1. Identify, by number, the condition in (1) touching a Gly at 6+ places or on another chain (Cβ under 9 Å); (2) farther than 12 Å from T162 by Cα; (3) modelled with pLDDT of 85 or more that F71 doesn't meet.
2. Within the range 33-61, take every residue that is at pLDDT 85 or above and hydroxyl-bearing (S, T, Y) and give me the one that is most open to solvent (accessible area, probe 1.4 Å).
3. Please indicate, with yes or no, whether at least one residue in the range 145-156 is at pLDDT 90 or above and more than 30 Å from R109 (Cα to Cα).
4. So which pairs qualify, if the first residue must be in the range 212-240 and assigned to a loop (DSSP other than H, G, I, E, B), the second must be open to solvent by 50 Å² or more (accessible area, probe 1.4 Å), the Cβ gap must be under 9 Å, and the two must be at least 6 apart or on different chains?
5. What's the number of the only condition in (1) open to solvent by 10 Å² or more (accessible area, probe 1.4 Å); (2) at pLDDT 85 or above; (3) of a type in the set (D, E, K, R) that E130 fails to meet?
6. Of A14, A43, A26, which residue is within 14 Å of G151 (Cα to Cα) and out of contact with any Ser or Thr (no Cβ under 8 Å at 6 or more places or on another chain)?
7. How about the range 106-120: which of its residues are open to solvent by less than 70 Å² (accessible area, probe 1.4 Å) and either under 17 Å from A92 (Cβ atoms) or among the charged types (D, E, K, R) (or both)?
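The values are calculated or read from the model by the stated rules, or taken from the named source; none is laboratory data. No experiment lies behind these values; they were computed from the predicted model shown. FYI the Cβ positions are ideal-geometry reconstructions off the backbone, even for glycines, and counts take in every protein chain you see. Remember, those area values only see protein heavy atoms, side chains included, never the ligands or the DNA or RNA. Shrake-Rupley method; radii C 1.70, N 1.55, O 1.52, S 1.80 Å.
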Amino acid sequence: MIEQPVPSDRYASAGAAFLRGLRAAAGSILTYSLFVTYIGVGALAHDLHFSLPWAMLSTILVWAAPAQIIFLTTVGAGGTVLQAALAVTLSAIRLMPMVVALLPMMRDRTTRARHLLLPTHFIAVTLWVESYRLLPAVPRHRRVAFVNGMGCGLVSVSATATAVGFGLAANLPPLLGAAVLFLTPLSFLISTTRNSRLTVDRLALAMGLVSTPLVSLAHTGVDVLIGGGAAGTLAYAWHRWSKRG
């Protein structure tokens, strides 16, 4: 990935980089879809008889709408905290490749492991997509601060939306509450398409869109994992073969 030169005064300090990360979160189209999505999460928490502080705390600590829905429904259905934690952990494994891919983009010679703890927590699909788009224009020694700012902005918006959804739950139709949860994957698809600049990226995306619905007919329960893994592997194999030719 090509790193773009930027005026040094924009990132003169870690605080300035943090503020620019906050602004990036505020200006991202994904932030608006997150807001709508977490209105649905807040409404779900209300319907499952969670308190507002617990609902907002789960947004901040879990920080992934699918995993948070698993947590709320598991505990709300009478499951133990241990069962909910195990289910959320298994769901979070899908984020590990994103963490592995993104952390090297933030490191420099002075970065310590403790500096990456907070950014690692913030890495979910939204931040991963936006970081790949924005980090090349950020000086490497300011990227941790920038990601922390963007992460804090995204989590703050989501926690606020959780509170709004919690308050609106009595008047939000169940069908609308379920529908808003689908806006986030739709916005992810649009953003991923926008960020796909190489042929191999576009090929993997297209093959994933075709293969995943076909795999779902087998009712494996891990349709996205199989379809996406197969599409990405085949696209990478084509990329290696085309380079040799």
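1. For F71, the failing item is (1).
2. Here the answer is S51.
3. Filtering the range 145-156 for residues at pLDDT 90 or above gives 145-156.
Now narrow it down to the ones that are more than 30 Å from R109 (Cα to Cα): 156.
Yes, that holds for at least one residue.
4. A218/I226; T220/I226
5. (1)
6. On the way: A14 fails: within 14 Å of G151 (Cα to Cα); A43 fails: within 14 Å of G151 (Cα to Cα).
Just one listed residue meets the conditions, A26.
7. Quick first cut of the range 106-120, residues open to solvent by less than 70 Å² (accessible area, probe 1.4 Å) only: 106, 108, 111, 116, 119-120.
Hits for the range 106-120 are D108, L116, P119, T120.
Let's see how each residue does on (1) of a type outside the set (K, R); (2) closer than 17 Å to L34 by Cα; (3) within 15 Å of the chain's Cα centre (by Cα):
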site	(1), (2), (3)
M105	yes, no, no
L116	yes, no, no
R133	no, no, yes
P139	yes, no, no
R142	no, no, no
G153	yes, yes, yes
